[in-house]
Structures are given as structure tokens and as C-alpha cells.
Amino acid sequence: MNLFPKVLFILPLLGACAGVRTVESETPACSNPARLEGHTNNEAPGVFIAFKPGVEPIAAAAMMSEKYHFDTAIQYSWGVVFTSNLELNLIPSIRCEPDVEYLEFNQMIIIGGSKSVGAPSR
């Protein structure tokens, strides 16, 4: 049995996977980016964007929605918006927006064996 051709096929795959970067590992271009909490989850897609205290959240959400081309699915009264169609490659740029306090990936919560999608804990 000749293993040589199989080894040549596996090596390029390993090399391609070694350079994979995630949104969580991308470094924003600003000196003081908003924090990023959680990790992407295909079962609970979406991102919460929280604005700093004193920022008018409806106007800030509208400006960012237009600038970054996403829809606000839910606007919470405490200054957080939820979007399910944000392009993840834009997260480093959004973290540099002066009005943003933090971003948090949507989470899947398991309680008593039942899965539920959760809102941010703030």
C-alpha cells in the first residue's frame, strides 16, 4: 500500500487550517476598542451592541445600522440593540465606534436539558 499520495493531500489541508483566524482574534485598529464578549454560535446567530451611558441609543443604532448595513431586530430600553444580519468581519470596526461600550455574541443557554436563546445579562 502506498501512503505517499495521501500524505501530500493532508499536508496542504493542515497548512490551510493553521492560518484560520476568527472574529474574536481580530485586533481592532483603534487604541481603546469596546470589549467583545462570547463567541459565535451557529445555533444562536446574532450580536448585541451596547451603547455607552449617555448615548441616545435609537439615534446611535440608526447611524450604525446605515453605516454598517445591518437591521436592528430588537431595541432594548437599556441601550442595547440586537442584530442577526451583521457581517462578522465588521465587528473590529464597530468595536472602535466611540458610542459602543461592548458587543456580545448571542448565546445558547441550556436549562434542565432544554435549549433557549438568551439576551445579554446587563
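Taking amide H positions as modeled 1.01 Å from N, with prolines and chain starts lacking one, the residues under 5 Å from Val100 and 5 or more places away or on another chain are Lys52. Under the simplified labelling scheme, the Asn32-Glu66 pair shows an inter-label distance of 2.7 nm, with each label point 7 Å from Cα along Cα→Cβ.
Quick note: the coordinates plus some simple rules give every number you see, no bench work behind them. Model, not experiment: these values are computed from the prediction. Note that we place each Cβ from the backbone using ideal geometry, even for glycine, and neighbour counts take in every protein chain shown.
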